Amino acid sequence: MAMLLWVIIAILFLISIMMIYYFNRFAVLQNRIENSFSQIDVQLKKRADLVPNLIETVKGYAKHEKSIMESVSAARKAMISAGANIQKKIKAGDVLQNALGRLFAIAENYPNLKANENFLQLQTELAAIEDKVAYARQYYNDSILEYDNLFRTFPGNMFARIYGKKHHDYLQITEAERKVPKVSF
């Protein structure tokens, strides 16, 4: 009888340890996902903050390219107003990136602009931010992968149901975003 009691206590202790472990593991992974989303948001904000400086630098050289300037400004405004919706924010960021690509294409027609120190510095900063955005997206998807591996494997899937955890979606690139942007004047 005493032996049976010890076995039951040991099993309950083991179950308690597993419940604590999986609860904490899901919490850590959820925090990592939220952090990686925040990193994407930070990089998109940095890119949006550089745009007004870039536009001002280009305006002096390309006064007749007003439609490009307006599209860059509109894309920046859309990205900032996207709020907390990651899909809208990413899509608006991609529209901004496309508009910036057209803006940089304009620079090819203005040798003085291409040589302008401010323009070159802003272009370098934007390129660095693009790299960081790509890395942050990759880190976000890697975090989702780790969470989903725990979410879908045994015994993690049991604990996910117990704790009411839900599946997370990867950041997806739409078919339109996969196409190479077409720049024409």
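I need to check one value: relative contact order of the chain, counting alpha carbon pairs closer than 8 Å and at least 6 residues apart, in percent. Provide the component values of the computation, followed by the final result.
Values: 123 pairs, mean separation 54.3, N = 185.
Once divided by the residue count of the chain, the mean separation gives 29 percent.
Here the peptides 157-170, 99-112 are ranked by packing, the mean other Cβ count within 10 Å, and the order with the highest first is 99-112, 157-170.
Net charge dipole, the chain: roughly 400 debye, given to the nearest 20, about the Cα centre with Cβ charges of +1 for Lys and Arg and -1 for Asp and Glu.
Quick check on the chain: helices-only [θ] at 222 nm, where DSSP H runs of length 4 and up contribute -39,500 (n - 2.57) each and the sum goes over total residues. Nearest 500, please.
Details: 7 runs with 148 residues, N = 185.
Counting only the DSSP helices, I get -28000 deg cm²/dmol.
Taking a sphere under 14 Å around the Cβ of L150 and counting the other residues whose Cβ falls inside, with K and R at +1 and D and E at -1, yields a net charge of +3.
Each Lys or Arg adds one and each Asp or Glu subtracts one; over the other residues with Cβ under 12 Å from the Cβ of D49, this totals +3.
Here, each number is a calculation from the coordinates, and none is a lab measurement. Given the structure is predicted, the values throughout are model-derived calculations rather than measurements. All Cβ positions, even for glycine, are placed from backbone atoms using ideal geometry, and neighbour counts span all protein chains on display.
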